[in-house]
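To keep things clear, I will list the structure first and then write my remarks on it.
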Amino acid sequence: MAAPEPELSQELWDTIIDELRNDVKALKTCSQVCQAFNTRVQKIYYRRITLNIQTPDPYTFKSLMERFPHLCGYVRNLTLNTHDEFQRLMSPAPKPVEAALASILPLLENLEALSISRYSPPSDMHFLRSSLFIPKIDWNSWVPELQTAVLDKCRSVPLVDLHLDTIKNVPFSIFSHIPTLKSLALSNVCFADAEPLEAPTLDQHQSIAMLQTLSIKDEAHVMSGPLSTWMQSAYCPLDLTGLISLSLDIKRRDGTGSSTHTVSNDGLSLVSFILRKCSSSLQELHYIHPFEDQTATLLDLDTLASLRKLSISGTVWNSNNIADTRIRLQTLLGILSSIPSPCHIATIRLQCDSIGSIGNDQWSDWPPSSSLADFSSVMSRLSHAASVEVEIGDMLERGQLWKYFEEQLAPCVERGTLHMTKTVYY
């Protein structure tokens with residue numbers, strides 16, 4: 001009699017099925033094997049849900065949840081894509097769909113991550129997002145049921161991750177009573193004007209969220225002022241002293257809609273406050289230009305004793321504006337020079353873009369501290385103490401900077417302590 005074949009444990013089957021989470025066809029096949037497989041597939045398939053306001057998604061999903069209530073408990077990550085103010089002028093009012101979205105939220109009792117972002121159809125006019133006018137979702141234009149449902153959901157579930165993208169008139173009260181919040185991402189958010197601040201009660205003190213990850217993106221300088229005032233007030237329920245990962249992209253735009261290399265006092269105050277709060281805990285920092293004189297002072301890397309990973313990106317070299325390039329390069333050198341020796345940072349990544357053609361004659365009248373040679377010298381020093389990656393972005397594929405650094409940093413590359421890559425933008 002042949003020995004029975006050994007059976008795999010349920011944990012192993014779960015691991016195998018979980019590896020197929022991005023393959024919808026394979027998951028569908030697995031769901032038809034047996035009831036145990038079907039249950040596991042449902043948990044994976046419904047873990048992340050995206051509902052678009054211009055599609056039947058909300059109605060279909062609501063009907064499905066009403067027929068199979070157990071699926072509600074499987075949803076952990078929900079993304080709501082809704083209309084911005086420009087799309088509302090071009091499309092019929094989506095209020096019935098918003099009401100459907102509002103009725104769905106109370107059903108999701110185990111929700112851990114909520115993202116609200118601007119609906120971007122394939123025919124979207126992407127140039128609007130790069131111009132001075134960035135169309136936003138208007139919180140006040142939502143039906144009251146949806147506003148209430150979002151606020152209630154943030155307060156009633158153990159929400160860990162909250163992402164708000166391109167929304168205006170957001171009430172600060174959305175952050176109240178989320179003690180489980182660990183990750184917060186704010187991208188081009190405008191908060192409600194003159195929102196009354198109430199003195200914190202004992203319960204609110206107990207609801208303080210210990211953030212671990214924070215991402216702030218303010219392309220048009222609309223968020224930094226109110227956010228800085230609120231974060232530094234006694235009414236903010238967010239604790240930044242345990243922050244581990246931080247991403248900052250704060251800049252203003254000029255009259256043409258292009259990003260400049262200056263930050264307002266509000267922006268500087270916000271960056272300074274956040275870095276002071278998390279100076280002893282921060283391990284990963286991603287900073288996107290602008291590079292200006294004050295930036296080097298703010299990013300005093302010697303004070304960030306726990307920092308292990310540093311990423312800096314932005315346009316540094318612009319052959320059409322030598323004065324602007326001088327400021328950016330001086331600032332970048334100031335930031336990198338503040339890295340102490342011996343270096344406590346394990347990984348340094350620089351993404352330095354260049355625009356136009358730069359010849360050696362253009363750098364001849366520059367002070368030594370702003371020269372390309374100084375930049376190469378700093379990179380060489382850092383590569384002895386950390387793993388350094390430098391990406392040179394070339395907007396016009398001229399290649400002068402790339403060739404120069406390729407020659408100057410060749411010894412570091414040969415040692416394997418510095419890695420260089422070239423990216424060409426068309």
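The values are calculated or read from the model by the stated rules, or taken from the named source; none is laboratory data. If you're wondering where the values come from, they're calculated on a predicted model, not measured in any experiment. Quick reminder, even Gly has a Cβ in these numbers, built from the backbone with ideal geometry, and neighbours come from all protein chains shown. These area figures cover heavy atoms from the full protein model, side chains too; ligands, DNA and RNA do not enter into them. Shrake-Rupley method; radii C 1.70, N 1.55, O 1.52, S 1.80 Å.
Could you report the accessible area of GLU407 in Å², rounded to 10, computed with a 1.4 Å probe on the protein chains as they sit in the structure?
130
Please arrange GLU109, GLU98 by accessible surface area, largest first, computed with a 1.4 Å probe and ligands excluded.
Final ranking, largest accessible area leading: GLU109, GLU98.
Students often get this wrong: which residues of the stretch 169-183 have the backbone nitrogen under 15 Å from the point 7 angstrom along Cα-to-C-beta of THR229?
169-173
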